[in-house]
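Peer 1: Take this structure, written in structure tokens, and hold onto it; I'll ask about it next.
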Amino acid sequence: MSRGQWSRRRFVRALAGAAAAVTVAACDDEGTPAGDSPSPKAPAPTSGSRRESPSPSGPRPLCLGTYTSAEGGGKGIGLATYDPATGRITGTGTISGVADPSYLAVHPDGRTLYAVDEREDGAVTAVRLSDRKVLGSRSTGGAAPCHLSVHPGGRWLLSANYGSGSVAVHPIDASGALGERSDLVTHSAPPPGPGQQGPHAHQFLTSPDGGHVLAVDLGTDTVYTYRLDERTGTLTGAARASTRPGAGPRHLTFHPGGRYAYLANEVDNTVAVCAFDPDSGQVRIGAPQSTGTGPGTNYPAQLLVTANGAFAYLANRGDNSLTRYAIEGDGARLSLLDTVPVGGDFPRHIAFSPDGGLLFAANQKSGTVTVFHVDEGSGELRPAGEPFASPVAVCALPL
């Protein structure tokens, strides 16, 4: 695959590099090799929208994704801690030896971190968190992997190759290390949407009931549903759903009830409510809705849903804001409430702390991570301190 076929992502990265060159990240110790000092022990994680009780005390781990090949980019996976009461972030080092770790996920047991290596010859890498040891990398069989997730059973890693429009499955052994790829499926139909040269798989996740895995493809304007054979790690197609042509779906987030999900459409700057049938895996995509952003160019990035299923948040790249929605009808409706400035430039990724009390935004062009307090009752967001400098910040994973 030529670089021109996924030049849009490279263009965004180039812009980000110029901005990040003027920042200095406290967590980016170039001389801190993998395994140089122990990182804080990670707890068994929960979904980004779940709330634990009571809230944890003391500093908690934060892992940061970047592009190592971008001008002004990072040197690997950034490490930091955050105060769950104040949201204040403190840098603690870097896990080196991981190329372009633009998206991160943690194993359900909290012991192993996984990163995509978003390069033309794509790979996924496993890192043991207790001593920062890199456990090895495996090819994804495609170009520019940009998303990965761990199946709830903890035995399979799912990844999406943006550049080649394919999804991959890798086995996870008892140590957390990855085995050779067990399956690879390329999205060959339907044909690419308006303005697209081919498929662009952007996300690969598991449905809340664990019965299906879903791939969101920006290039074909399609959400694909598969069944994963948990014995062999192979995929079987179950259903697919199309957005309106040119929507460019990027990210799907489920409501806690499991019957509805919310889709961020990157290209046409909309969101949509989706109905989900757990038996068949069929997704029914609703009408496009406003992101509440201004008249300028905007690329929606990611949606989060609160643990109580009452509110949703959308990261807006371009408008540089977070849109807040009220969720109504047991998940069936989104009602736009307001937008708030994100406090950075180009929010690529947002995530809740495990207790749901904080929201983290990784701002790619400004090279910063901003933090907000989340009001459980009203869903209102309140800034938590000053932005934290992190080079070409494209993922923030609080543990």
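Peer 1: Roughly how many Å² of R244 are accessible to a 1.4 Å probe, to the nearest 10?
Peer 2: R244 exposes around 120 Å² with every protein chain in place.
Peer 1: At 0.890 mPa s and 25 °C, plugging the Kirkwood radius over alpha-carbon pairs of the stretch 116-179 into Stokes-Einstein gives what diffusion coefficient in µm²/s?
Peer 2: Working: Rh = 11.7 Å.
The diffusion coefficient I find is 210 µm²/s.
Peer 1: In whole Å, what are the Cα extents of the stretch 238-299 along the three principal axes, biggest one first?
Peer 2: Result, largest extent first: 41, 24, 16 Å.
Peer 1: Grab the Cα-Cα distance for E386 and T232, subtract it from 0.36 nm times how many residues apart they are, and report the gain in nm with one decimal.
Peer 2: Numbers: separation 154, 0.36 × 154 = 55.44 nm, distance 4.73 nm.
Using 0.36 nm per residue and subtracting the Cα-Cα distance, I get 50.7 nm.
Peer 1: Counting pairs of alpha carbon atoms under 8 Å apart in space and at least six apart in sequence, what relative contact order in percent does the stretch 175-286 give?
Peer 2: Values: 262 pairs, mean separation 22.3, N = 112.
For the stretch 175-286, the relative contact order is 20 percent.
Peer 1: Whole-Hz Karplus ³J(HN,Hα) for the stretch 221-227, in order, using 6.51 cos²θ - 1.76 cosθ + 1.60 and θ = phi - 60°, x for Gly and Pro?
Peer 2: With coefficients 6.51, -1.76 and 1.60, one gets 6, 9, 10, 9, 10, 10, 9 Hz.
Peer 1: For D209 and Q197, compute 0.36 nm times the residue count separating them, minus their Cα-Cα distance, and round to one decimal in nm. Before the final figure, lay out the partial values.
Peer 2: Details: separation 12, 0.36 × 12 = 4.32 nm, distance 3.41 nm.
Separation in residues times 0.36 nm, less the Cα-Cα distance, equals 0.9 nm.
Peer 1: Let me ask you something else. Which of G122, H187, L158 sits closest to the plus end of the dipole of the stretch 46-201, meaning its Cα is farthest towards the positive end, when Lys and Arg get +1 and Asp and Glu get -1 on the C-beta?
Peer 2: Farthest towards the positive end: L158.
Peer 1: Under the Karplus relation 6.51 cos²θ - 1.76 cosθ + 1.60, θ = phi - 60°, what is the ordered set of whole-Hz ³J(HN,Hα) values for the stretch 368-384, x standing for Gly and Pro?
Peer 2: 9, 10, 10, 10, 10, 7, 10, 7, 5, x, 9, x, 5, 10, 10, x, 10
Peer 1: With the dipole of the stretch 228-289 worked out from charges on the C-beta (+1 for Lys and Arg, -1 for Asp and Glu) around the Cα centre, which of H251, P288, G237 lies farthest toward the positive end?
Peer 2: Farthest towards the positive end: P288.
Peer 1: Moving on to the next point. Could you order the peptides 97-106, 385-394 from most to least packed, using the average number of other C-beta atoms within 10 Å per residue? Don't skip to the answer; put the middle values down first.
Peer 2: Details: 97-106: 24.1, 385-394: 25.8.
Packing order, densest peptide first, comes out as 385-394, 97-106.
Peer 1: Explain nothing, just the number: relative contact order of the chain, from Cα pairs under 8 Å at least 6 residues apart, as a whole percent. Mind dumping the intermediate values first?
Peer 2: Details: 1276 pairs, mean separation 59.2, N = 399.
Reported relative contact order: 15 percent.
Peer 1: Moving to a separate point now. Return the single residue from L337, L157, L359 with maximal mean-square fluctuation; model: Gaussian network over the chain, springs between Cα atoms under 10 Å.
Peer 2: Most flexible of the set in this elastic network: L337.
Peer 1: On to the next question. Share of the stretch 91-224's accessible area from carbon and sulfur, percent, 1.4 Å? Mind dumping the intermediate values first?
Peer 2: On the way: 1930 of 3910 Å².
C and S atoms contribute 49 percent here.
Peer 1: For the stretch 140-226, report the convex hull volume of the alpha-carbon atoms normalised per residue, in Å³, without decimals.
Peer 2: Working: hull volume 7.0 nm³, N = 87.
Hull volume over Cα atoms, normalised by residue count, gives 80 Å³.
Peer 1: Please list, in chain and number order, the residues 5+ apart from S69 or on another chain whose amide H is under 5 Å from its amide H, with Hs placed from the backbone.
Peer 2: The list, which skips near neighbours in sequence, is D100.
Peer 1: Any chance you could look up the accessible area of K75 with a 1.4 Å probe, heavy atoms only, rounded to 10 Å²?
Peer 2: 100
Peer 1: Further question: Based solely on its DSSP helices, what 222 nm [θ] is calculated for the chain when runs of n ≥ 4 H residues each add -39,500 (n - 2.57) and the sum is averaged over all residues, nearest 500 deg cm²/dmol?
Peer 2: -1000 deg cm²/dmol
Peer 1: Between A287 and A85, what FRET efficiency comes out of the Förster formula 1/(1 + (r/R0)^6) with R0 = 45 Å and r the beta carbon distance, rounded to 0.05? Intermediate values should be presented prior to the final figure.
Peer 2: Numbers: r = 41 Å, r/R0 = 0.91.
Efficiency at R0 = 45 Å is approximately 0.65.
Peer 1: Would you mind putting 182-193, 60-71 in packing order, based on average other-beta-carbon counts within 10 Å, highest first? List each step's numbers first, then the result.
Peer 2: Values: 182-193: 16.2, 60-71: 23.9.
Taking the mean over residues of other Cβ atoms within 10 Å, the ranking is 60-71, 182-193.
Peer 1: Which ³J(HN,Hα) values in Hz, rounded to whole numbers, follow from the phi angles of the stretch 285-302 under the Karplus curve 6.51 cos²θ - 1.76 cosθ + 1.60, where θ = phi - 60° and Gly and Pro get x?
Peer 2: Working through the residues one at a time gives 8, x, 5, x, 10, 5, 8, x, 8, x, x, x, 5, 9, 10, x, 10, 8 Hz.
Peer 1: How long is the gain from S175 to T297 if the chain were fully straight, where each residue apart is worth 0.36 nm and the alpha carbon distance is subtracted? Intermediate values should be presented prior to the final figure.
Peer 2: Working: separation 122, 0.36 × 122 = 43.92 nm, distance 4.50 nm.
Full-extension gain reported as 39.4 nm.
Peer 1: I've got another one for you. Give me the base-10 log of I(q)/I(0) for the stretch 62-188 at each q in 0.22 Å⁻¹, Debye formula, one uniform scatterer per Cα, rounded to two decimals.
Peer 2: Taking Cα atoms of the stretch 62-188 as identical point scatterers yields -1.26.
Peer 1: At a Förster distance of 22 Å, what's the computed FRET efficiency of R155 paired with D121, Cβ-Cβ distance as r, to 0.05?
Peer 2: Working: r = 26 Å, r/R0 = 1.17.
My answer for the efficiency is 0.30.
Peer 1: Another question, if that's okay. G233's amide H: which non-local residues (gap 5+, or another chain) put their own amide H closer than 5 Å, with H modeled 1.01 Å from N in plane and none for Pro or chain starts?
Peer 2: none
Peer 1: On to the next question. How high is the relative contact order of the stretch 250-399, in percent, counting Cα pairs under 8 Å that sit 6 or more residues apart?
Peer 2: Values: 411 pairs, mean separation 23.3, N = 150.
Result for the stretch 250-399 is 16 percent.
Peer 1: Another question, then. Suppose every K and R has +1 on its Cβ and every D and E has -1 on its Cβ; what is the size of the dipole of the chain about the Cα centre, in Debye to the nearest 20? Don't skip to the answer; put the middle values down first.
Peer 2: Working: 32 positive and 36 negative charges, 67 e Å.
It works out to roughly 320 debye.
Peer 1: Further question: What FRET efficiency would be calculated for the residue pair D277, R333, taking the C-beta separation as r and a Förster radius of 25 Å, to the nearest 0.05?
Peer 2: On the way: r = 18 Å, r/R0 = 0.73.
Efficiency, from the Cβ-Cβ distance: 0.85.
Peer 1: Please report the Cα spread of the chain along all three principal axes, rounded to whole Å, starting with the longest.
Peer 2: 48, 46, 41
The values are calculated or read from the model by the stated rules, or taken from the named source; none is laboratory data. Just so you know, these numbers come straight off a predicted model, no measurement behind them. Neighbour counts run over all protein chains shown; Cβ positions are idealised from the backbone, glycine included. For accessibility, only protein heavy atoms count, side chains too; no ligands or nucleic acids. Shrake-Rupley method; radii C 1.70, N 1.55, O 1.52, S 1.80 Å.
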